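Here is the structure we will look at.
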Amino acid sequence: MKLRDLFRPETVKLELESEDKDDILKELVELLELDEKSEAILFKTLKRRENLGSTGIGKGIAIPHCRSLVVNELRLAYGRKSDGVAFDAIDEKEVRHFFLIVAPPLEVSNQYLPVLGKVAQFAKDPEVPGKLTELEDPAAFLDLLEAHGG
Amino acid sequence: MHPQLVLLMELQDLRAQKRALHQDSGETVGLEEEHFNLDRSRAVELLEEKIESLKDTLTPQLRTRYERIAPQRDRVVVPVIQGTCYGCFVSIPTATAGDQIGNTLVETCENCGSFLYIVE
Ligand SMILES: [Zn+2]
C-alpha cells in the first residue's frame, strides 16, 4: 500500500486557520468530512491520545493518530500551518506539519500500523520538512509522497 | 445519536487505546515508544482512570450490560455494516436494523449481546 493512494486532494489543506492545538485537531478532523457527532467523538479520542503524550515528534511535525469506531476504513489527512502552533512537541518547537491517521478498530487489511510507521519514516526524512514548506498545492503533496517511494 | 451510545463508543475507543499499549511485544508499543516517546505504563494508568470515570456516567442498566460483556470481548460496540453484526457476523433482524438507523437507540445484538452502531 502506497501512502500516495491513501490521501486525496480534499484531505490536504495547506493553510490551516487554527491558532491552537485543540482547534488544529478539529480542523484536521473536518477534512475527513464525517457527520458532526462522529467528528466530536473522533476529536475526543485524538485529544485523549495527545493527553498520553504529544504526537509532535519534533522538527515541526506532528502525527495525531488513533483507532476509532467512527471511521470504517483507514483515513489520512495532511494539514500545514506555515506560522506554526504550540503542540507540546518533544523538542518543544512549534509544529507546522500535521499528518492525521485514523483507523477503524477492526481492519480487514491491517494497514494502520504499517502506515503509521511509513508516515513517521517519511516525516523524519531530513529533507521532508523543507519540501513540505515549499508545497504550493495539494497535488504537489501527493507528488512528494510518490517521489519518496510512498 | 443516543448520548449513551456516544459514551459507549468513547469507552470503546479508550479500551482500544489501552489494549494497543498492553500487547507486550506489540508493534503498536514499538511504534509509540520509538517515534512518540510514549511512557507506556503511565499511559495505561491514565487510560484506566478515564475509562472508570466514563463508566460512572452510564445509566445503571447500561452499566450492568456493559460490565457483563466488556470482560469477554475487545469490542463492546460493534458496527453493523449492510445488515451484519460485526461482533458475530450474524445478520441483524431487519426491524432492529431499521429502528437503529441514525443510532438514536441503544440496541444490542440478539446473538452476541454487543451494542450496535449502524454504519450507513
Ligand atoms: Zn452479534
All-but-one check, B:P71 against (1) under 24 Å from B:A20 (Cβ atoms); (2) within 12 Å of the ligand (Cβ to nearest atom), failing number (2)
Would you confirm whether any residue within segment B:66-85 is more than 15 Å from the chain's Cα centre (by Cα), over 24 Å from A:E107 (Cα atoms) and at pLDDT 85 or above?
no
Could you list, in sequence order, the residues of segment B:98-109 that are away from the ligand (no atom under 12 Å from the Cβ) and touching a residue at least 12 places away in the same chain (Cβ under 8 Å)?
B:Q100, B:I101, B:G102, B:N103, B:T104, B:L105, B:V106
Given the structure, is B:R19 more than 12 Å from the ligand (Cβ to nearest atom), within 21 Å of A:N72 (Cβ to Cβ), basic (K, R) and surrounded by fewer than 18 Cβ atoms within 10 Å (Cβ to Cβ)?
yes
Please determine, by comparing only the residues of segment A:72-112 that are among the aromatic types (F, W, Y) and in a strand (DSSP E or B), which one is farthest from A:M1 (Cα to Cα).
A:F98
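Do you know which residues across segment B:110-120 are closer than 21 Å to A:V71 by Cβ and either away from chain A (no Cβ under 14 Å) or within 11 Å of the ligand (Cβ to nearest atom) (or both)? It would help to see each step written out before you state the result.
Step one: list which residues in segment B:110-120 are closer than 21 Å to A:V71 by Cβ, which gives B:114-120.
Selection gives B:S114, B:F115, B:L116.
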Looking at the structure I just gave you, is B:S91 within 16 Å of the ligand (Cβ to nearest atom), in contact with a Lys or Arg (Cβ under 9 Å, 6 or more places away or on another chain), under 26 Å from A:N110 (Cβ atoms) and modelled with pLDDT of 90 or more?
no
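Answer with yes or no whether A:D125 is surrounded by fewer than 19 Cβ atoms within 10 Å (Cβ to Cβ) and either among the hydrophobic types (A, V, I, L, M, F, W, C) or at positive phi (or both).
Working: surrounded by fewer than 19 Cβ atoms within 10 Å (Cβ to Cβ): yes; either among the hydrophobic types (A, V, I, L, M, F, W, C) or at positive phi (or both): no.
Criteria not met by A:D125.
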Cβ pairs under 6 Å, 6+ apart or interchain, first in segment A:68-83 and within 14 Å of chain B (Cβ to nearest Cβ), second among the hydroxyl-bearing types (S, T, Y), ordered by first then second residue, are A:S68/A:T45; A:V70/A:S38
Residue list for segment A:11-36, filter: of a type outside the set (A, V, I, L, M, F, W, C) and either in contact (Cβ under 8 Å) with a residue 24 or more places away in the chain or not in a helix (DSSP H, G or I) (or both):
A:T11, A:K13, A:E15, A:E17, A:S18, A:E19, A:D20, A:K21, A:D22, A:E27, A:E33, A:D35
Taking the condition within 16 Å of the ligand (Cβ to nearest atom), of a type in the set (D, E) and within 14 Å of chain A (Cβ to nearest Cβ), does B:D39 pass?
no
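The values are calculated or read from the model by the stated rules, or taken from the named source; none is laboratory data. None of these values were measured; they are calculated from a predicted model. When we count neighbours, we look across all protein chains shown, and the Cβ atoms used for this are built from the backbone with ideal geometry, even at glycine.
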